[in-house]
Amino acid sequence: MAIRAESNSTSIRNEGAQSLLRVSRLSKSYPGPQGALPVLRGVDLALDAGTSLALMGESGSGKSTLLHLVAGLDSADDGSIHIDGRETTALDDEGRAALRRRTLGVVFQQFNLVPSLTVGDNLSLQARLVGRHDPAWSDRLAQRLGLEHLLDRYPEQLSGGQQQRVAVGRALAPRPRLLLADEPTGNLDEATGDAVLDLLLELSATAGAAVLMVTHSARLAGRLDRRARLVAGRLVAP
Amino acid sequence: MNAERFFGLLLMLSLCAAPQARAAGFAGLGDEAQGFAEPAPGHALVFPRDHGAHPEFRIEWWYLTANLKDESGRAYGAQWTLFRHARAPREGEGWDDPQAFVAHAAVTTESLHLFAETHARGGVGQAGVETAPFRAFIDDWSFTAARANLSGGEIAAFGPRFRYRLALAAEKPLALHGEAGFSRKAESGQASYYYSQPFYSVEGALAIDGVERKVTGRAWMDHEWSSRPLAGDQKGWDWFSLHLDNGAALMLFRLRSDKAPPFHAGSFIGADGATRALARDDISLEPLEESLVAGRLLPTRWRLRVSSLHLDIDTKPLNSQSFMGTSVGYFEGPISFSGSQRGEGYLEMTGY
Amino acid sequence: MTQFLYALAALTSHWRRRPGQLAALFVGLAVATALWSGVAALNDQARRSYDRAANALGIGAAPGLVATNGGSFSQEMFVALRRAGWKVSPLLEGMIRLGDKSYRLLGVEPLTLPKNSRDELPEGESLEQFLGPPGRALVAPQTLRALGLGEGAAPTLGDADRLPPLAIEKNLAPGVIVVDIGVAQRLLHRPGRLSRLLLAEEPAANATPLASLAGDALRRVEADEAPELARLTDSFHLNLTAFGLLAYVVGLFIAHASFGLAFEQRLPIMRTLRAIGASLRALACALVAELVLLALLAGAAGMIGGYLVAAALLPDMAASLEGLYGAELDGRLGLAPNWWASGIGMALIGAAVAAASSLVKTLRLPVLAIAQPFAWRETQRHWLSRQAALAALALAAAAAALLFGDGLEAGFVSMAALLLGAALALPLALAALLRLGEARARGPLAKWFFADALQQLPGLSLALMALLLALSTNIGVGSMVEGFRRTFAQWLDERLVAEIYFEAASEKEARRIETWLASREDVAAVLPLCKVKTTLRSWPVDVIGAPPHETFSGHFPLESRADAWDRVARGDGALVSEQLARRLALSLGSSLDLPTPSGDWRLEIVGIYPDYGAAKGGARVDRAALSARWPDARRLDYMLRARPEDAPDIMLALQAQFGAGIARIIDQAALKERSMTIFERTFAVTAALDALTLVVSAIALFASLTTLAAARVAQLAPLWAAGVSRRSLSWFEFARVTLFAAATALVSVPLGLALAYDLVAVVNVRAFGWRLPFHMFPSQWLEVFALALVTAGLAALLPIRRLARIAPASLLAVFANER
């Protein structure tokens, strides 16, 4: 097993030669009223291809910040992130955008669909953006996600669970190497949330994508391969 | 220049005739002469009266070309031409006069060809031709002569970059071409009245860009009038005036046609002043070399032969770019020649 | 490229859901372009006409020689100059009458014309026909139509002479007839005479000097710098341009408002696109491409609208220009390629201006900031203080332009800055009003009403500013026009006191008519007038000589010295028009030197009279004194005094007796009517543009309310949930909009008056040279107030109706969607 928690360290270290995601000594602070407010204080983390990790922690523990940094939506103060062997912390904005559309899939708590596009168009948006639209795969995703009869509808005509399934499908349509999910079921009731998570994990496995998911629910976290907890900006074993 | 819109007087005609509507000859010189007089054989020219204008004929020109040298021996050419064109065969009062005039003047050196053009309506005094004493004028340009053989006067012209004033002297009589001045231009009977003064000796001053030099040399004068000098299919002509070093003079021309072989004519004027018209088959004019002039190819070197005179000469231009870029363009420039005879003269080519 | 296309597709899909917003943006840009390009088309049309009129055959563009004393000179002068090597071409110009209209007859000599002029004449056979006999009279197609004749017709002139057969020359200006010089000499009865020599080439350096050829008979004139008409009408066109710009700005307000909202509403789309990896560059390109596409489409639609506006206004403008300045306009709208280019260019610039701030914000946004709820607008306080600073700046600029500026442009600048400053200050005033209301309000709903209005202010402020501009322009222009109309009518009453005005066809006829009139019992007085044209400081001035008579001394409206009329009669005093006085900075007691053939004539200014509507300067002197100094001055104009009831009989008798010997005759009532018609048509264009601006501002308000309506739902839902009915909520909405409009209308009254004052006291004086009394018309204010309420009510109607009928589910969705 590639990921293992060490009791004497705040890091989860990768022992394999080539992890899909490798985060080293990552630090980030935000300006606050009394000077800089550290959010991450040297986080180390590794994730192998095809595996999943749940990132847990209290509100404000920095788990979303870590996810944003991995997604290249924000830039770190110190430390590095390697995805698929490339150091993403060294990329400029254009490079990070390219990384997101080629290598990553992102699912947020809010569904983040384009309200003026149909479900079908939303589903294929990222795949088309990166020129990797695969109709057979899209059809299969739609079918698995139970969206095949809803493709011509608009997001506002869908229930929350359906909308989040569209978001999952959109993130997986270009077959990303790594799926990042930030409380993907946070807006859904328990049953619906479980169903969406099942689909997310199942389809990620089918697509061969590793999953890094932020959640505050230990119950949900338990369904993933590994778990890690952020406490005051440091990673600890759960 | 397109072939229909041709030459000189020609340029009056370009002002006054729609080229497409008038397909005949160049510049409409082959047009029907409605209401205008026609030259006829056997009509005797009377001087000085016939030095003047003939308003009953459609077109007329007074044409001087001079081969000159300055004190250092450099060669020059000078041209002075007044064209008359009538819209109707009459004269009128003031602006009502249907006669109109155009004049061209030029100065040629080895490397320069400068020309000027000016227009005038008849009837108001801006241009005209008077006899006794002879005076042809337009603006401040003039051609005057005190004597009946048109000598004892001068030509003067002023262009933007050049000016000249040249005194003309001649002892020999006028040379009447063709049949006592009746000069045929086509098999179908088109003709003009045509006579020359080939024997001027010239002395005067010529200035280019404000630099004046004294010049001397020889000049040739033509006076010609008609109403329909060309056949409808004739597109232009090549014309030579030659001063031979033995004191004689020669005029040769050919009229080119679309449909027929060229029509040749010429006159030989002996050193004694006697004129002999040359037979058509006596003359051979053969282009030797073409030059690109004003965007068209023109034959600028010629081989000229007159078998009855045992004459066989090659001509070359002083300046192969002696093109008159006036409202109607044509070639007019000094030449020299060698072969069986040596000498100098002028070459005029129209309708190319 | 793929990225760009899908980003574009995702962004533009927004419009499908918000077609109203797209329509507002489109209409804003289209209307801005339409009004601007409409005015530009009118101005272009007029300028082209002036240029062509002044420059018939390129003659105005060539330097020339004219008689030193004015008038004509002998053709021998032309021959002498040509024979001395001067390349001159003769010209004879004059007026001829055909039917009841005058035409400018131009006699030219085509063979010697300067080359660029000759190129405009026919060639070949047509030239031969032009030279004649009988020659040809070349006219513009419009002139031929106006004459009601076909090509080849040879109309008869008054004196039995005939024009040569007419032929069309499409490059000519309307109202010009070109004939051969010989024909012109015959038709104008000036055999052997010329009015001008054109220099086809500059004389050679060593040419005989002019003085030794012509003595001092001829003098050189340079090519006309600007056609006289263009100079005279400059101010008229500046007025139009100012209106065009105002309308353009109001249109941009709409575009800006709707684009800002669209931007805000599309932030989530942009956030999503960025999150899934669309690059910033692709996103920016897509936004710009969308904007350019929109601008091109709206611009094209605007150009069509502009054409229609111009076509509709052209007849009025043509009529007023002809009436005021004698400028003849081509009645058919011609559209130059650069008109299209500039119109589309204005649409693109407008779109860029309207969208600039949103675009810049997009480009500057870090990815995460997009992902968070984004404060598009500054906090309201911050926003208000920035408005206040800008308003203060604009008002200071207005004051500076007024105090230190000079000339018409400065007048307009101060006006524009005043309007802008007031518009920027409007939200401040409204905010203050609402805070006051909030403080005074009793009860939760009333408090909410004001608080909510305050919150809504930023979203509506652009539309309200546009409304303010339109309303105050309406008041300002309305006051000016109405004030002018009253002043003008009163002035006409005082000025036009004679019962009959006529002009004799010739001197000979004039003497015969005088004799005949003297014998009539019913004619109380015959007052002959002499008129000469002169130029003072390169400005055309008409000097009119009138006999001493109580018709003038009793009725002429005047600011004058007590002995003014005695001084005039003595021949050493002159009355000058207000325009002339202002232009030359003359006041009572100043002296004026009039150039006469016998040298300068020194006169003292003893009176200044208003001369509304006159483009030229005017001076009045004693007729006998004038005749003594201008022996050639023709005495053709007459005023007749008689009992009003006798006037019709006298007119009939005159016409029966003299027929064509009388060139023009008109009675007092008809003359007044004609003057008022010219006046009305002059301001018809202004009034039309004014009304259009108001319509545009109504559209702006409508667009803002429509686009805000969706956002309003979220704010109204809690009240609905708390038990306020949808119907009541709609009423609150309506009341709020009406309150805004009413407050705006209130502010527009003082602003409009300031504008009117600027127009009357600054712009008019600088543009036309006269000052009008400043009137106030409270009834107009009420009209405008009502208009504002109606405008706002209409604009609010549709969004509020929609609100009243909104499905409860939509209101519920607000809660369901809340995070």
Completion exercise
From most to least accessible, 1.4 Å probe, no ligand or DNA/RNA atoms counted, C:Glu503, C:Glu290 line up as C:Glu503, C:Glu290
Exercise for the section: Express the accessible area of region B:303-352 per residue in Å², computed with a 1.4 Å probe while the remaining protein chains stay in the model. Expected result: 33
Problem - C-alpha center-to-center spacing [region C:256-308, region B:231-292] in angstrom - result: 79
Exercise for the section: Report, in debye and to the nearest 20, how large the dipole of the protein assembly as shown comes out about its Cα centre when Lys and Arg carry +1 and Asp and Glu carry -1 on their Cβ. Expected result: 5360
Fill in the blank from the handout: Among region C:609-653, those whose backbone N falls under 12 Å of a label point 7 Å along Cα→Cβ from C:Ala525 are C:639-642
Fill in the blank from the handout: Sorted by accessible surface (1.4 Å probe, heavy atoms of the protein chains only), largest first, C:Ile605, C:Ile800 come out as C:Ile800, C:Ile605
Fill in the blank from the handout: By the Cα gyration tensor axes a ≥ b ≥ c (a/c under 1.5 gives rounded; else a/b larger than b/c gives prolate, otherwise oblate), the shape of the protein assembly as shown is oblate
Problem - Length-normalised contact order of region B:162-297 in % [C-alpha pairs under 8 Å, at least 6 apart] - result: 20
Completion exercise
Rounded to 0.05, the calculated FRET efficiency for the beta carbons of C:Met676 and C:Glu550 at R₀ = 22 Å is 0.25
Practice task
Mind pulling the angle between the C-alpha long axis of helix C:647-658 and the longest principal axis of chain C? Nearest 10 degrees, somewhere in 0 to 90.
Solution key: 50
Practice task
Take the Cα atoms of region A:3-236, build their convex hull, and give its volume per residue in Å³.
Solution key: 128
Practice task
Count charges around C:Val543 for me, please; just the other residues with Cβ under 10 Å from its Cβ, Lys/Arg as +1, Asp/Glu as -1.
Solution key: +3
Practice task
Just grab the label-to-label distance for C:Asp632 and C:Met776, each label 7 Å out from Cα along the Cβ direction, in nm (one decimal).
Solution key: 5.6
Problem - Charge context of B:Tyr63, other residues only, Cβ under 13 angstrom, K/R +1, D/E -1 - result: -4
Fill in the blank from the handout: Note: C:Glu494 to C:Arg17 extended length (0.36 nm per residue) minus current alpha-carbon separation gives 165.2 nm
Handout entry: Charge dipole (chain C, unit charges on Cβ, about Cα centre) - positive-most of C:Leu772, C:Pro114, C:Ala425
Key = C:Ala425
Exercise for the section: Mind giving me the FRET efficiency for B:Ser72 and C:Asp593? R0 is 51 Å, r the Cβ-Cβ distance, nearest 0.05 is fine. Expected result: 0.20
Practice task
Please give, to one decimal in nm, the separation of the simple spin-label points placed at C:Arg727 and A:Arg140, each 7 Å out from Cα toward the Cβ.
Solution key: 6.0
Exercise for the section: Could you point to the residue in C:Leu654, C:Leu626, C:Ile666 farthest towards the positive end of region C:619-672's charge dipole, with +1 and -1 charges on the Cβ of Lys/Arg and Asp/Glu respectively? Expected result: C:Leu626
Exercise for the section: Return the percentage of antiparallel bridges among DSSP beta bridges fully within chain C, rounded to the nearest 5 %. Expected result: 75
Practice task
Report, as an integer, the average count of C-beta atoms from other chains found within 10 Å of each Cβ along A:88-99.
Solution key: 3
Handout entry: Cβ-defined net charge surrounding B:His264, 12 Å radius [Lys, Arg +1; Asp, Glu -1]
Key = +1
Fill in the blank from the handout: Here the relative contact order (percent) of region C:494-674, from C-alpha pairs under 8 Å and at least 6 apart, is 39
Exercise for the section: Specify the inter-centroid distance of region B:61-75 and region C:99-156, based on alpha-carbon positions, in whole Å. Expected result: 45
Completion exercise
To the nearest 20 debye, region C:393-523 has a Cα-centred charge dipole, built from +1 on Lys and Arg Cβ and -1 on Asp and Glu Cβ, of 900
Practice task
For each pair in C:Lys101/C:Lys531; C:Lys531/C:Lys672; B:Lys235/C:Lys115, compute the distance between the two Cα atoms and list the pairs where it is over 25 Å.
Solution key: B:Lys235/C:Lys115
Practice task
Could you tell me which of rounded, prolate or oblate describes chain B, using a ≥ b ≥ c as the square roots of the eigenvalues of the alpha-carbon gyration tensor, with rounded for a/c under 1.5 and, failing that, prolate when a/b is larger than b/c and oblate otherwise?
Solution key: rounded
Fill in the blank from the handout: Taking every residue of A:127-138, the Cβ atoms of other protein chains inside 10 Å of its Cβ average out to 3
Exercise for the section: Please list C:Leu197, C:Leu739 in order of solvent-accessible area, largest first, computed with a 1.4 Å probe with all protein chains present. Expected result: C:Leu739, C:Leu197
Handout entry: Estimated inter-spin distance, C:Ala396 and C:Thr208, nm [label 7 Å along Cα→Cβ]
Key = 7.0
Exercise for the section: Express in nm, to one decimal, how much length is gained between B:Glu91 and B:Ala279 on full extension, taking 0.36 nm for each residue of separation and deducting their alpha carbon distance. Expected result: 63.9 nm
Fill in the blank from the handout: DSSP beta bridges in chain A: the antiparallel percent, rounded to 5, is 55
Completion exercise
Expressed as a whole-number percentage, the relative contact order of chain A with C-alpha contacts under 8 angstrom and at least six residues apart is 29
Exercise for the section: For region C:430-483 and region C:623-684, compute the distance between their C-alpha centroids and round to whole Å. Expected result: 55
Exercise for the section: Provide the solvent-accessible area of A:Asp182, counting protein heavy atoms only and rolling a 1.4 Å probe, rounded to the nearest 10 Å². Expected result: 20
Completion exercise
For peptide C:189-200, the mean count of other chain Cβ atoms within 10 Å per residue Cβ is 1
Problem - Options C:Phe502, B:Phe143, A:Thr185, ranked by Cα towards positive dipole end of the protein assembly as shown, top entry (Cβ charges) - result: A:Thr185
Problem - Selected from A:Leu200, A:Leu20, A:Leu117 as most flexible by GNM, with chain A as the system and alpha-carbon contacts under 10 Å - result: A:Leu117
Problem - CD proxy at 222 nm, helix term only [per DSSP H run n ≥ 4: -39500 (n - 2.57); per residue of chain C; nearest 500] - result: -21000 deg cm²/dmol
Exercise for the section: Kindly state, to the nearest 0.05, the FRET efficiency for C:Glu76 paired with C:Asp216, given R0 = 25 Å and r defined as their beta-carbon distance. Expected result: 0.95
Fill in the blank from the handout: With a 1.4 Å probe and ligands and nucleic acids left out, the total accessible area lost when A pairs with C, in Å² to the nearest 100, equals 2300
Handout entry: For region B:178-245, the spread of Cα positions along each principal axis, largest first, Å
Key = 49, 27, 22
Problem - Hits among lysines - C-alpha to C-alpha of A:Lys28 under 19 Å, sequence gap 8 or more where chains match - result: A:Lys63
Handout entry: Dipole magnitude of chain B about its Cα centre (Cβ charges: Lys, Arg +1; Asp, Glu -1), debye to nearest 20
Key = 240
Problem - Spin-label zone in region B:287-314 - amide nitrogen under 16 Å from a point set 7 Å from the Cα of B:Asp245 along the C-beta vector - result: B:311-314
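The values are calculated or read from the model by the stated rules, or taken from the named source; none is laboratory data. It should be emphasised that the depicted structure is a prediction, and the values quoted were computed from it without experimental measurement. Glycine gets a Cβ as well: all are built from the backbone with ideal geometry, and neighbour counts include every protein chain shown. Quick note on the areas: whole protein, heavy atoms, side chains included, nothing else; ligands and nucleic acids left out. Shrake-Rupley method; radii C 1.70, N 1.55, O 1.52, S 1.80 Å.
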